[in-house]
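The values are calculated or read from the model by the stated rules, or taken from the named source; none is laboratory data. This one's a predicted model, so the numbers in the text were calculated from it and none came from an experiment. Here Cβ is always computed from backbone atoms with ideal geometry, including for glycine, and neighbour counts include all displayed protein chains. Ligands, DNA and RNA are excluded from the accessible area calculation, which covers all protein heavy atoms including side chains. Shrake-Rupley method; radii C 1.70, N 1.55, O 1.52, S 1.80 Å.
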Amino acid sequence: WGGLTAGAWQYIGRQGVLAGTYELFGAIARTDFGAAPGEEAGALAGRWVLTAGLGGMGSSQPISARMLGLSSLTAEVDAAKAERLLAAGGLDLVTDALDQALATLDAARSGGRTIAVGLIANAADVFAEVARRGIVPDIVTDQTAAHDARYGYLPSGYDLAAWRELRETDPSRVERDARASIAAQVGAMLALVEAGAVAFENGNNLRVQAIEHFGEAAAADVNRIPGFMEAYLRPLFARGIGPFRWVALSGSTDDQDVLDDLAVRLFPGRPEIARWIGLAREHVPQQGLPARSCWLGHGERSAFAVATNELVADGSLSAPVLFSRDHLDSAAMTHPRIGTEGMRDGSDGVSDFPLLDGLLLAATGADLVAI
Ligand code: NAD
């Protein structure tokens, strides 16, 4: 399975995935809910997302949603994961009762508040029950580790202890049951789409697992749920906009502030940049050297780098700054279910995009290119 994790030499903790998920919800606000750039939070106010999985990547979902005023209900089978996120401030409430979760969500939204609820339950059961009750979230997705039917997705009806044992003693049964549950969850997502929800797959191969269970004949139906990259991020990549990151090598948060201020004032034509920087300053904890992930576009990256050089030269910054391009950026990954799904020229499975990309980067002066 093609992972999307940054190499250790450019790993900046949780911020990378937080920024990516934030951009994703922002793109949905513009694409599906008519938001003008910079006004995404207004279009998402009062809305909610139904999702699942509070693991390493999935735990960014409620935080990114909250940054945009989007409430969330996230199903997670492992209570320890939800409690950990609650303690870190990423959730407002953890419960194992669907009724309480829905009532709290409703009360907050009708009171004009944004809320992040963690529900200790199996996503397959929760999604099916929400659909059965005719409750329609504005957005529905999932970030369990569904790509791995043996270790990544708890089948419905299993408890955690039995799952951990059975996947060693009877792995094919676990895989079969996981795919059946994923298929049930995808079925519920399709019913919610029918009822008006916006659905997408968030890079975890959910649809392929469902198709393996249902059979190839179901592919057209399942594929009504688009992948996040094709539907929301590639249109940004096509404009050269993608995750760009900088690290203050001095280790000084004063330098971080100078760089944040620079990003805020340099791009008045794209108010969404200043908005992200303001939110990141407030919500993103520092992990390691002071760093920022910020989605800048063609021309903007160069402008930012040149302005940074000037600030190093005039002493406003106390040390040089490292720039790096994120692994999630355009042409950085070939995967017919992620990076290159639904290419207009049919080249979904052609594997040389990252190689061409790497050659181009090397030829245009990057110091370090990892393929
Ligand atoms: P993880 O293993 O850390 O977390 C998965 C979580 O799902 C766990 O907490 C697990 O308890 C929970 N879970 C499993 N089955 C469940 C069920 N039936 N109902 C509810 N909760 C359940 O994985 P991760 O690092 O958070 O990654 C999640 C997925 O996202 C992976 O498939 C990964 O490949 C994908 N991913 C996508 C992107 C992206 O850019 N969209 C980036 C990185 C990873």
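Quick notes on this one:
- Cα gyration tensor, the range 222-371 - rounded (a/c under 1.5), prolate or oblate: prolate
- Globularity index of the range 206-272, i.e. its alpha-carbon radius of gyration over 2.2 N^0.38 Å: 1.88
- Descending semi-axes in Å of the range 52-105, equivalent ellipsoid built from Cα gyration tensor: 15, 14, 9
- The mean of 1/r over all distinct Cα pairs in the range 90-208, once inverted, gives the Kirkwood hydrodynamic radius of 15.3 Å.
- Solvent-accessible area, 1.4 Å probe, carbon plus sulfur percent, for the range 254-312: 54 percent
- Principal axis box of the chain, alpha-carbon based, largest edge first, Å: 63, 49, 40
- Exposed trypsin sites (Lys or Arg not before Pro) absent - longest run of the chain, DSSP non-H/G/I/E/B, at most 14 other C-beta within 10 Å: 1-112
- Net charge over other residues, Cβ less than 13 angstrom from the Cβ of P243 (K, R count +1; D, E count -1): 0
- Hydrodynamic radius of the range 296-355 per Kirkwood, over alpha carbon pairs, in Å: 14.0 Å
- Accessible carbon and sulfur surface of the range 170-251 relative to its total accessible area, %, 1.4 Å: 52 percent
- Relative to the longest principal axis of the Cα atoms of the chain, the long axis of helix 300-313 lies at roughly 50 degrees.
- Rounded to the nearest 10 square angstrom, F353 shows an accessible area of 50 square angstrom against a 1.4 Å probe.
- On a per residue basis, the chain carries 42 Å² of accessible surface, using protein heavy atoms and a 1.4 Å probe.
- When the chain is described by a simple charge dipole with +1 on each Lys and Arg Cβ and -1 on each Asp and Glu Cβ, the residue from A97, A238, G134 located farthest towards its positive end is G134.
- The dipole here belongs to the chain: it is taken about the Cα centre, uses +1 on the Cβ of Lys and Arg and -1 on the Cβ of Asp and Glu, and is about 300 debye.
- Among G240, G315, G13, residue whose mean-square fluctuation peaks in a GNM of the chain (springs only between Cα atoms under 10 Å): G315
- Inter-centroid distance (Cα atoms) of the range 215-243 relative to the range 252-319, Å: 30 Å
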